[in-house]
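Presented below is the structure to which this report refers.
The values are calculated or read from the model by the stated rules, or taken from the named source; none is laboratory data. These numbers were taken from a predicted model, which means no experiment stands behind them. Neighbour counts are summed over all protein chains in view; Cβ atoms, including those assigned to glycine, are modelled from backbone coordinates with ideal geometry. Please note that ligands, DNA and RNA were not included when accessible areas were found on the heavy atoms of the full protein model with its side chains. Shrake-Rupley method; radii C 1.70, N 1.55, O 1.52, S 1.80 Å.
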Amino acid sequence: LAMRPDPNQARLSQAIADLAFDPWRAFAPVLGESFTAERLPATARVLNRVTSALAGPINSAKARYDRPRPYAADRSVLQCDAPAGHGAAGWAWALALAELAPARADALLQRGRDFGESRVICGYHFPSDVEAGRLVAAGVIARLHAEADFRRDLEAARRELARAC
């Protein structure tokens, strides 16, 4: 089975917190308390669009490569709680936010990697699942860039985020 890290308590606590499928909660540690959907409607529009665009490709990949989750394949694998969301979204959110706040890109991308790693720690994904999700996420983000209205939304969100965070 997968090589999984043996998390310390702090990392396990973060993995459990990452069960929440919420970009605002996931990236607030990097962008601050003002990083909220209510304060940042243009950024919310971008993140919602990214999340929606991922659904089709992720569902197709899951259907094509259907395999048991690590905790189902090996009962000794830690399972934090009921799975919610997926690692691809964390990476897609990180890619979009890194474009919007390039001065914080390194921290945002690291947070996106950690979000995916949390899925491994909690026994919901194998490391290869997380890597595949990153590839799908990158493809979805690249595809969205072909759409003029998405690029306009990105620009509005970049200005908004620069003022607020």
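Condition test on Ala20, is it outside any helix (DSSP H, G or I), under 27 Å from Val140 (Cβ atoms) and modelled with pLDDT of 85 or more?
Spelling it out, Ala20 is indeed outside any helix (DSSP H, G or I), under 27 Å from Val140 (Cβ atoms) and modelled with pLDDT of 85 or more.
Return yes or no: is Ala107 open to solvent by less than 40 Å² (accessible area, probe 1.4 Å) and either closer than 17 Å to Ala28 by Cβ or not in a helix (DSSP H, G or I) (or both)?
Judged against the criteria, Ala107 is not a match.
Is it the case, given these coordinates, that Ala156 is free of Cβ contacts under 8 Å to residues at least 60 places away in the same chain, open to solvent by less than 50 Å² (accessible area, probe 1.4 Å) and in contact with a helix residue (DSSP H, G or I) (Cβ under 9 Å, 6 or more places away or on another chain)?
So Ala156 does not fit the description; no.
Please state which one of Ile141, Ile121 is among the β-branched types (Val, Ile, Thr), farther than 25 Å from Gln9 by Cβ and either at pLDDT 95 or above or open to solvent by less than 30 Å² (accessible area, probe 1.4 Å) (or both).
Ile141
Which residue, of Leu40, Leu78, is at pLDDT below 95 and more than 22 Å from Val140 (Cα to Cα)?
Leu78
When you look at Ser128, is it surrounded by fewer than 22 Cβ atoms within 10 Å (Cβ to Cβ) and more than 13 Å from Val50 (Cα to Cα), yes or no?
Answer is yes for this residue.
Could you please let me know if Gly112 is at negative phi, at pLDDT 95 or above and open to solvent by less than 10 Å² (accessible area, probe 1.4 Å)?
When the stated conditions are applied, Gly112 passes them.
Can you name the number of the only condition in (1) modelled with pLDDT of 90 or more; (2) farther than 20 Å from His125 by Cβ that Gln9 fails?
Here Gln9 clears every test but (1).
Within the range 45-75, track down each residue that is closer than 13 Å to Phe126 by Cα and outside any helix (DSSP H, G or I).
Within the range 45-75, Tyr65, Asp66, Arg67, Pro68, Arg69, Asp74 qualify.
Does at least one position in the range 81-89 carry a residue that is in contact (Cβ under 8 Å) with a residue 12 or more places away in the chain, assigned to a loop (DSSP other than H, G, I, E, B) and touching a Cys at 6+ places or on another chain (Cβ under 9 Å)?
yes
Within the range 45-75, can you find the residues that are open to solvent by 70 Å² or more (accessible area, probe 1.4 Å) and polar (S, T, N, Q)?
Asn48, Ser52, Asn59, Ser60
Taking Asp149 as the residue in question, decide whether it is modelled with pLDDT of 95 or more, in a helix (DSSP H, G or I) and not polar (S, T, N, Q).
Criteria met by Asp149.
Any chance you could count how many residues in the range 22-44 are without any contact (Cβ under 8 Å) to a residue 40 or more places away in the chain and either surrounded by 20 or more Cβ atoms within 10 Å (Cβ to Cβ) or among the basic types (Lys, Arg) (or both)?
1
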